[in-house]
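Here the structure is laid out as structure tokens; the discussion comes afterwards.
The values are calculated or read from the model by the stated rules, or taken from the named source; none is laboratory data. All figures in this text were calculated on a predicted structure; none of them were measured in a lab. For neighbour counting, all protein chains shown are included, and Cβ atoms are generated from backbone atoms with ideal geometry for every residue, glycine included. Areas reflect the complete protein model, heavy atoms only, side chains present, ligands, DNA and RNA absent. Shrake-Rupley method; radii C 1.70, N 1.55, O 1.52, S 1.80 Å.
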Amino acid sequence: MNDEKKKGFFSRFKRKKNDEEAQENREEPVAVEPEQETEPEDKPKTGFFSKLKAGLKKTTDSLKGGMDRLFLATRPIDEDLLEELEEMLIGADIGVQTSMEIIERVRREVDRKALKNGEELKEHIKKELLRILAEIPNKGFNLDHNPTIILVVGVNGVGKTTTIGKLANYMRGQDKTVCVCAADTFRAAAVEQLQIWAERAGVDIVLKEGSKDPAAVVYDALERVNETNADVLLVDTAGRLHNNPNLMNELAKIRRITTRDFENAPHHVLLILDAVTGQNGLQQAKKFVDKVGVTDLIITKLDGTAKGGIAVAIANELNMPIQFIGVGEQMNDLLPFNHQDFVNLLFKD
Amino acid sequence: MFESLSEKLQKSFRNLTGKGKISEENVQSALKEIRLALLEADVNFKVVKKFVNEVKEEALGQEVTRGLDPGQMLIKIVNEKLIEILGGSSPELNFKGSGPHIIMMVGLQGSGKTTSCGKLAKRLAAEGRHPFLVPCDVARPAAILQLQTVGKQVDIPVFDSHGIGKPLDIVKKATVEARNTGRDVLIIDTAGRLHIDEALMGELKSLRAFLEPSEILFVADAMTGQDAVTSARSFHEAMDITGVVLSKMDGDARGGAALSIKSVTERPIKFIGTGEGMEGFERFHPDRVASRILGMGDVLSLIEKVQEKVDQEEAQRLQEKMLKNQFTLEDFSKSISQIGKLGDMGSLMGMVPGMGALKEKMDVQAESKQMGRFQAMINSMTPEERRNHAILNQKRKQRIARGSGTSVQDINGMLNQFMQMRKMMGMMGKPGKLGKLKSMLSKTGLGDFADAMMPGPQAGVPQLPPDMDIEELQKIAAQNGGKLPPQILEQLGMGAPSGGMGGAKRPSRPKKDRKKEKAKRKKGRKRR
């Protein structure tokens, strides 16, 4: 068949990765199954670190194969190695520019003969990634305002509604009273989807049957929060492409409404980013920052094989903290982001 | 933001000797630029590597075609190669054998399966088929309801899968119902899933075994990055997909995922999703996506759109009137409507090479609003006033202002612009005045919008010269590496707006520019 020939090119890539993935992943049906997902291995059930590990497992595994081969301590540092390394960073969607910058710094160290072998090279790259992530100011995800108004935005299909369900559950776990607002009046059945999540998380929901005006729903929600004294209001908005000016203006209007009723609101504008997103993620983030002043980032679907590296580039370029990562479809599949863990796990062997 | 690849390539060739032939030496840095461009467009790095090697092999030793410089020659090779890989087999849906036919939609979460189901159903219904939508996503909350709502929007019946827990049971019942109700195409919406999810992939396989679908379409997000190869390959291995739907192409992602997916699956990309509305579903054109991946705009789509939407006769008539200086307010209003039909100016401009930067600068929306207001004013006039603006006195203006919810000042502003346009139009009729016209345009404040608004070959809205049709243009574009040569763009009224154009030859540039470039090149060298 015609496919045979083409497959040859990828088979090397495939074999290498699949074999490893097969070993570990197959015995561990992915995060989607609630029970198994929670702790597929013999890790303790509590502790976010272990959960993060479990969540990032696939991410790590797929990167690991390459890394291990690269960092064999015996392997001398040469152009080939550096090139492979650059490709690997690019392959994680970290971005051409950022990847080249990292490699450039590493190259300088190599030229100074400061790095002797692959092992040291690995440590150095880890440091570089950490340095990038550490430069991002992160005051933590505070819910100190009363009420804390949170706007959730992003392009279509990144997982806004699901993330809100998880966030509501997470905040309730912190003894906050939460109200969610179904302001995605555009997508079919978006309101019903959020309704189900609100039920699962046991939180209040404000919706307007049949309404096509998101601003009106938000207005209602703000009134409800005033009445009920809820601690947090999570506003779900319709997914929209950042290059659609009308829809972006609609979002800006929603933002203005919250500002009118509460001081300094919205207190967080969360941009949800799909881990599979490529370089366009940066454009997305820039436009959303421009229009609605995004404050924090959440990366979803990190339980797949995508590494979400574009988040590093975004965080780097826009100085925006990554707050949470989504690692599955269940309510608990939301973890606080920790860059130390993130990088460590990327390089764990 | 993105410098077009052709500009970069020309830069990297500029200082080289031996330009007559593409050689190992002079091609090296150019290949690097190609690699970068493809990576920036999210083509998977392995696919890029293979692609660049193939281009190199093909390019080496090739004589540069007369009239092209090596950079253009290389672009031509790259573009042809891209089109070759992206295109190939026929994108028609397979409806062989007896029905009902089954189309399965599969993909990752959030890739746009449900929306694509609705769009596809609408399209098939328009082709005279009788689609039946079958929601099989029992995992995501309200997913079934979503497809039901979508079905209502496109007026296509949806199987009621509420209360049936297993997708396999759903499709079993749905196929029976389809037979009973005379539906001839079943579109199966499956739950989004990760390709590494063994259990859920197994479920898909069992659905496939039962349904024996004639099409299995993998729906992928055009914004997908490097991981596109992994997910596409896994889905293909499990399901043996028959085609790909690339969703969210109305975004500004370069869409390199198309190349990645096509390379690993070797299955045709059949459709692209281009908007939230149910009509935003189009056939895939490899040439257009190729130039998009290369960051070179999409002139052909623009031309097609204009041809489709603009009433050619009307435009011709308006143009003649303009040239004879008989352009009235009535015509002005008509010409605004013509532009309005094309949709958002911003997205139009994005299709023109070199206009991307302009688009950033322009407040497209304010301009559109302004045009709407103009129309309201003209609509508030009497037919006589519309035909002869000279009779508009203060009293008439006051009445019009009340009628259109504007002020007399606004009306004077509109009239000013109208008069200026008339004046310019008169000039256009005379040869050799184009340069003057352009400088005038920028002074009017109407700026690029006016440029685009005026029907006629010299204006921004491209109209094909009478002796040229789309096919011919496509041929010309293909010969020039997917781009139209500047002379033709000029003819279409899309001459380079002050140096943004890629393929245009620019023999001399200001010194300052050259200096900058030199610095850039230096930086580039350092990088390597």
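Of the listed requirements (1) open to solvent by 10 Å² or more (accessible area, probe 1.4 Å); (2) within 12 Å of chain A (Cβ to nearest Cβ); (3) outside any helix (DSSP H, G or I), B:Gly165 misses just one: (2).
So that you can scan it fast, the table gives a plain yes or no per residue for (1) closer than 30 Å to B:Glu367 by Cα; (2) at pLDDT 95 or above; (3) of a type in the set (A, V, I, L, M, F, W, C):
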position: A:Glu227; (1), (2), (3): no, no, no
position: A:Asp236; (1), (2), (3): no, yes, no
position: A:Asn243; (1), (2), (3): yes, no, no
position: A:Ala265; (1), (2), (3): no, no, yes
position: A:Val269; (1), (2), (3): yes, yes, yes
position: A:Val276; (1), (2), (3): no, no, yes
position: A:Ile299; (1), (2), (3): no, no, yes
position: A:Leu302; (1), (2), (3): no, no, yes
position: A:Gly308; (1), (2), (3): no, no, no
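Pick from A:Val158, A:Val191, A:Val206: which is touching a Lys or Arg at 6+ places or on another chain (Cβ under 9 Å) and closer than 15 Å to A:Ile272 by Cβ? First the steps, then the outcome.
Working: A:Val191 fails: closer than 15 Å to A:Ile272 by Cβ; A:Val206 fails: closer than 15 Å to A:Ile272 by Cβ.
Sole residue among the options that is touching a Lys or Arg at 6+ places or on another chain (Cβ under 9 Å) and closer than 15 Å to A:Ile272 by Cβ: A:Val158.
The residue that is nearest to the other protein chains (Cβ to nearest Cβ), counting only those in the range A:100-141 that are closer than 18 Å to A:Phe342 by Cα and β-branched (Val, Ile, Thr), is A:Ile102. Cβ-Cβ distances below 9 Å connect the following pairs, each with a first residue in the range A:96-118 that is more than 28 Å from B:Glu40 (Cβ to Cβ) and open to solvent by 30 Å² or more (accessible area, probe 1.4 Å), a second residue that is in a helix (DSSP H, G or I) and of a type in the set (Lys, Arg), and a separation of six or more residues or different chains: A:Ala114/A:Arg108.
Mind telling me which of the residues B:Gly280, B:Gly255 ends up being within 14 Å of chain A (Cβ to nearest Cβ), among the small types (Gly, Ala, Ser) and on the phi > 0 side of the Ramachandran plot? On inspection, the qualifying residue turns out to be B:Gly255. Checking the structure you have, find out if any residue of the range B:316-329 is away from chain A (no Cβ under 11 Å) and at pLDDT 85 or above. So far as the range B:316-329 goes, yes, one or more of its residues are away from chain A (no Cβ under 11 Å) and at pLDDT 85 or above.
Of all the listed residues (B:Leu217, B:Leu194), the sole one being facing another protein chain (nearest Cβ under 8 Å), touching a residue at least 40 places away in the same chain (Cβ under 8 Å), of a type outside the set (Gly, Ala, Ser) and within 25 Å of B:Ala139 (Cβ to Cβ) is B:Leu194. Scanning the range B:373-390 for residues being more than 14 Å from B:Glu330 (Cα to Cα) and open to solvent by less than 70 Å² (accessible area, probe 1.4 Å) gives a total of 0.
Would you confirm whether any residue within the range A:233-252 is more than 12 Å from chain B (Cβ to nearest Cβ) and either more than 27 Å from A:Ala198 (Cα to Cα) or without any contact (Cβ under 8 Å) to a residue 24 or more places away in the chain (or both)? Scanning the range A:233-252, I find no residue that is more than 12 Å from chain B (Cβ to nearest Cβ) and either more than 27 Å from A:Ala198 (Cα to Cα) or without any contact (Cβ under 8 Å) to a residue 24 or more places away in the chain (or both), so the answer is no. Can you list residue pairs whose Cβ atoms sit under 6 Å apart, with the first residue in the range B:144-161 being touching a residue at least 12 places away in the same chain (Cβ under 8 Å) and farther than 13 Å from B:Ala174 by Cβ and the second being open to solvent by 50 Å² or more (accessible area, probe 1.4 Å) and in a helix (DSSP H, G or I)? Count only pairs 6 or more apart in sequence or on different chains. Matching pairs, first to second residue: B:Val154/B:Lys122. Selection over the range A:278-310 of residues that are out of contact with any Lys or Arg (no Cβ under 9 Å at 6 or more places or on another chain), facing another protein chain (nearest Cβ under 7 Å) and not β-branched (Val, Ile, Thr) gives a count of 3.
When B:Glu80 is tested against (1) crowded, with 24+ Cβ neighbours inside 10 Å; (2) away from every other protein chain (no Cβ under 14 Å), only condition (1) is not met. Quick one: would you say B:Val244 is without any contact (Cβ under 8 Å) to a residue 24 or more places away in the chain, under 26 Å from B:Arg129 (Cα atoms) and β-branched (Val, Ile, Thr)? So B:Val244 fails the test. The conditions of being open to solvent by less than 10 Å² (accessible area, probe 1.4 Å) and of a type in the set (S, T, N, Q) are met by A:Thr237.
Of all residues in the range A:128-146, at least one satisfies being in a helix (DSSP H, G or I) and either under 15 Å from the mean Cα position of the chain (by Cα) or basic (Lys, Arg) (or both). In the range B:395-414, the residues that are in a loop (DSSP other than H, G, I, E, B) reach residues that are surrounded by fewer than 19 Cβ atoms within 10 Å (Cβ to Cβ) with C-beta atoms within less than 8 angstrom, at least six apart or across chains, in these pairs: B:Gly405/B:Ala376; B:Thr406/B:Arg373; B:Thr406/B:Ala376; B:Ser407/B:Ala401.
For the residues A:Ala216, A:Ala182, A:Ala168, the requirement of being assigned to a helix (DSSP H, G or I) and in contact with a strand residue (DSSP E or B) (Cβ under 7 Å, 6 or more places away or on another chain) singles out A:Ala168.
Determine which member of the set B:Leu348, B:Leu259 is out of contact with any Asp or Glu (no Cβ under 7 Å at 6 or more places or on another chain), at pLDDT 70 or above and among the aliphatic types (A, V, I, L, M). So that I can check it myself, show each step before the final result.
On the way: B:Leu348 fails: at pLDDT 70 or above.
Every option except B:Leu259 fails the conditions.
From the list A:Glu104, A:Glu84, the one residue that fits, being at pLDDT 85 or above and out of contact with any His (no Cβ under 6 Å at 6 or more places or on another chain), is A:Glu104.
When each of B:Ala139, B:Ala121 is tested for being part of a helix (DSSP H, G or I) and either over 23 Å from B:His236 (Cα atoms) or within 14 Å of another protein chain (Cβ to nearest Cβ) (or both), the lone residue that passes is B:Ala121. If you check B:Gln28, B:Gln72, which single one turns out to be of a type in the set (S, T, N, Q) and surrounded by 17 or more Cβ atoms within 10 Å (Cβ to Cβ)? It is B:Gln72. Filtering the range B:83-118 to residues that are among the β-branched types (Val, Ile, Thr), away from chain A (no Cβ under 14 Å) and touching a Lys or Arg at 6+ places or on another chain (Cβ under 9 Å) leaves only B:Val106.
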